[in-house]
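Report on the following structure.
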Amino acid sequence: MTFKTVSGEGLGNEPSSIEIDGLTFTRYGDDRLREECGVFGIFNHPDAAAIAALGLHALQHRGQEACGIVSYDGRQFHSERRMGLVGENFSRADVLARLKGRMAIGHNRYSTTGEAMIRNVQPLFADIDTGGFAVAHNGNLTNALTLRRELISSGAICQSTSDTEVILHLLSRSKKRRVVERLVDAIRQVEGSYALVCLTNDVMIAARDPIGIRPLVIGRLGVSYVVASETCALDMVGAEFLREVENGEVVVITDQGLESHRPFPKRPARPCIFEYIYFARPDSIVGGRTVYDIRKQMGIQLACEAPANADVIVPIPDSGVPAAIGFSQESGIPFELGIIRNHYVGRTFIEPEQRIRQLGVKLKHSANSSVIRGNSIVLVDDSVVRGTTSKKIVQLMYEAGAREVHMRISSPPITHPDFYGIDTPRKQDLLAANLDLEGMRQFMGADSLAFLSVNGIYRAVGVEARDPRAPQFTDHCFTGEYPTELTDQSGESLPKQLSLLAEVG
Ligand code: AMP
């Protein structure tokens, strides 16, 4: 067998394509958006690292390419940061045994693969003059490149290409005495989105950006406190939900309990609506709403806005399932599993290209022909980004004998890139930024195509309508209205987003 690296474009040190015996294989999923990150923290528990590993496992859907845990044992910090899944890395007793102590924070993320980029894997740690400081960050800072450039020109030595490192530098340079005051000093200088969990020699700190773009919750596990991106991680470790960290709030967790700081002028929260559409796990409760119920509501709204005359409702699994159930309930058309997803296709799988693909190998999705053949189908998915999935699946339905295929998407067209932690493609790669509805329908090859309206999304989350003067959610992907400054975007020579996939100057 001959084995040759073909290209490494956009993937750091790891090839995106390899050639085996003359056939080109591409790493599965490279044309997809990467997900954002998941953070977790546990304070005052004898098995802190093991609990953190469980919590991260529950948050695995938020990032599958790297994970890390930092613990503190009262004398020393311990850090394990790895490429790959939590289960692969943190189910080993020897790894957990090295993470001593009663406090631990952890992080799941997407990132480039390759050993050299392990330095970008979080939690990041620094020794500053108040002691050790570890940070796990979900989100993206929209002025990180600008700050980083200033820091470097004033002598800072950066150890990673991650925007999160900027927070450590700002913290270290702060003249304030207490570590929490230093953190406040630091986050007052950054823009964009952040849900942070930090660990110091004696406290754990949770912080959310002034409009609370990314989620963060606090729970209680006996005498211990838990902080997590989503409630599904609290459920996993048996912790009771206490409350959300509020937008603009900094919560210090000490032996005495929770201490809340409000360092920013009060502003209405604007959480990211995409958490409801795609990111969060359906069993999580975000902003007081069960994500599963909201997704079903999106399907109900979609059935009202864009009904279709069909025989069966078929979800694109897994993320299209709740909306398809809602569509089916509202329309009275039966719900059927017309597509079977192979759950053993991971990100590390390689997708056959060219000759093998032409043979019709369907790695991830297969048609359940008995449901499809001769029928008019409503296909439901949660979102369209580049249109790759929809196009492939519409074709799959026809090959399986569908009479008609009506595509229904339970969110509005994504017309604008994200700068808050979702590694969305450039605008020119977003299908809806380039084609009108009819153009998209033709591209997918469907008989009809409809998206849920922006107000439909708001209705589904229980808000009558989007307030154009003060939108209740962060919805820039659909509206182009960004809720924070995008300083890095205005810099002429700067890369457009602090890419974790590329080395930055
Ligand atoms: P695309 O195939 O590029 O149109 O992407 C749309 C598909 O990707 C849908 O099936 C979504 O469920 C899924 N999706 C949406 N957002 C993301 C994301 N951030 N990461 C990975 N998949 C996503």
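The values are calculated or read from the model by the stated rules, or taken from the named source; none is laboratory data. All values derive from a computational prediction rather than experimental measurement. Backbone-built Cβ (ideal geometry, glycine too); neighbour counts: all protein chains shown. Only protein heavy atoms, including side chains, enter the accessible area calculation; ligands, DNA and RNA are left aside. Shrake-Rupley method; radii C 1.70, N 1.55, O 1.52, S 1.80 Å.
If you check 292, 344, 276, which single one turns out to be modelled with pLDDT of 95 or more, open to solvent by 70 Å² or more (accessible area, probe 1.4 Å) and among the hydroxyl-bearing types (Ser, Thr, Tyr)? Please lay out each step first, then the result.
On the way: 344 fails: modelled with pLDDT of 95 or more; 276 fails: open to solvent by 70 Å² or more (accessible area, probe 1.4 Å).
Within the list 292, 344, 276, the selection yields 292.
When the residues of segment 423-443 are filtered to those that are in contact with a Leu (Cβ under 9 Å, 6 or more places away or on another chain) and modelled with pLDDT of 95 or more, the one that is surrounded by the most Cβ atoms within 10 Å (Cβ to Cβ) is 440.
Among the residues making up segment 44-103, those that are touching a Cys at 6+ places or on another chain (Cβ under 8 Å) and charged (D, E, K, R) are 62, 81, 82. Would you mind stating whether residue 126 is closer than 21 Å to residue 183 by Cβ, touching an Asp or Glu at 6+ places or on another chain (Cβ under 9 Å) and modelled with pLDDT of 95 or more? Here the answer is yes, as residue 126 does meet what is asked. Those strands (runs of 3 or more DSSP E) of segment 64-164 in which at least 3 residues are open to solvent by 10 Å² or more (accessible area, probe 1.4 Å) and either assigned by TED's automatic domain parsing to the domain that holds residue 174 or over 22 Å from residue 175 (Cβ atoms) (or both), considering only elements entirely within it, cover 77-83, 124-128. Count of segment 414-471 residues, restricted to those that are more than 16 Å from the ligand (Cβ to nearest atom), within 28 Å of residue 488 (Cα to Cα), in contact (Cβ under 8 Å) with a residue 24 or more places away in the chain and assigned to a loop (DSSP other than H, G, I, E, B), is 2.
Look through segment 295-324, keep the residues that are charged (D, E, K, R) and within 15 Å of the ligand (Cβ to nearest atom), and return whichever of them is least open to solvent (accessible area, probe 1.4 Å). Step through it out loud before you land on a result.
Just the residues of segment 295-324 that are charged (D, E, K, R), to begin with: 295-296, 305, 311, 318.
Next, from what is left, pick out any that are within 15 Å of the ligand (Cβ to nearest atom): 295, 318.
On the way: 295: 14, 318: 70 Å².
Among residues in segment 295-324 that are charged (D, E, K, R) and within 15 Å of the ligand (Cβ to nearest atom), the one least open to solvent (accessible area, probe 1.4 Å) is 295.
The conditions of being near the ligand (Cβ under 8 Å from one of its atoms), among the polar types (S, T, N, Q) and in the same structural domain as residue 428 (by TED's automatic domain parsing) are met by residue 390. Selection of segment 216-234 for residues being open to solvent by less than 10 Å² (accessible area, probe 1.4 Å) and part of a loop (DSSP other than H, G, I, E, B) yields 216, 229, 230.
Scanning segment 403-410 turns up one or more residues that are away from the ligand (no atom under 14 Å from the Cβ), crowded, with 18+ Cβ neighbours inside 10 Å and under 26 Å from residue 335 (Cβ atoms).
Under the condition of being in contact with an Asp or Glu (Cβ under 6 Å, 6 or more places away or on another chain) and among the aliphatic types (A, V, I, L, M), the residues counted in segment 50-94 number 1.
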